[in-house]
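Data first, discussion second: the structure below is written as structure tokens.
Rule-based calculations on the coordinates, nothing more; no lab input. Here the structure is a predicted model, which means the values were calculated and not measured. Please note: Cβ atoms are built from the backbone with ideal geometry, for glycine as well, and neighbour counts cover all protein chains shown.
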Amino acid sequence: MKQYQINFENKVNRDKIIIHYTASWVPPTGKRQVVYVGHEELTRDFVCSRLLLTGEVAIKAICQVMEILPADFQLVEVDFAQPQNKQILNIPDFKRFSGYLKQRHLLRRVPTHQEADEIVVDTQFVKELRIG
């Protein structure tokens, strides 16, 4: 399996919410390679606030990347820049992310392990504080 990660950056201003995400992996050559770039630009007055506050907009973006990349790519890490305004945009809850993957039969696209009678997702969520 080819292991990859997704990095999210966001910007919230008066009129818009901009979410930029990049999926990349490190091939045997050792040089990081971008395999997918996504960009969402949402007008604040016309977007469902629940999708932003729960982080579901990010989960949907992650699942889109999973469905587009070849089946031998496995998501091992998601890096999130801390939102500028948590009253408008938030990072998804890992439990919600795991549930979303189970509902959409995407568990084969992430590392997992078995715990009791439940499949546990091993993808790492990293929350970064980025200044600037």
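Exposure proxy for Leu107, Leu42, Leu75: other Cβ atoms within 10 Å of each Cβ, ordered fewest to most, give Leu107, Leu42, Leu75. Looking at segment 1-84, the trypsin sites (Lys or Arg not before Pro) that sit in a DSSP loop and have at most 15 other Cβ atoms within 10 Å of their own Cβ are Arg14, Lys31, Arg32. Note on the chain: lysine pairs with Cα distance below 17 Å, sequence gap of 8 or more or different chains, count 8. Each Lys or Arg adds one and each Asp or Glu subtracts one; over the other residues with Cβ under 9 Å from the Cβ of Tyr21, this totals -2.
Angle of helix 56-68 to the longest C-alpha principal axis of the chain, folded into 0 to 90 degrees and rounded to 10: 40°. Computed from Cα atoms, the angle from the helix 94-103 axis to the main principal axis of the chain rounds to 60 degrees. Cβ-Cβ distance of Arg104 and Lys11, R₀ of 25 Å, FRET efficiency by 1/(1 + (r/R0)^6): the value works out to about 0.35.
Work out, step by step, the length gained on full extension between Arg44 and Val26: first 0.36 nm times the residue separation, then minus their alpha carbon distance; give nm to one decimal. Don't jump to the answer; show the numbers that get you there.
Values: separation 18, 0.36 × 18 = 6.48 nm, distance 3.57 nm.
Taking 0.36 nm per residue and subtracting the Cα distance, the gain is 2.9 nm.
Set the Förster distance to 35 Å, then compute FRET efficiency between Arg96 and Ile68 from the Cβ-Cβ distance, nearest 0.05. Before the final figure, lay out the partial values.
On the way: r = 21 Å, r/R0 = 0.61.
The value I calculate is 0.95.
Sorted from longest to shortest, the spans of the Cα atoms of the chain along the three principal axes equal 42, 39, 25 Å.
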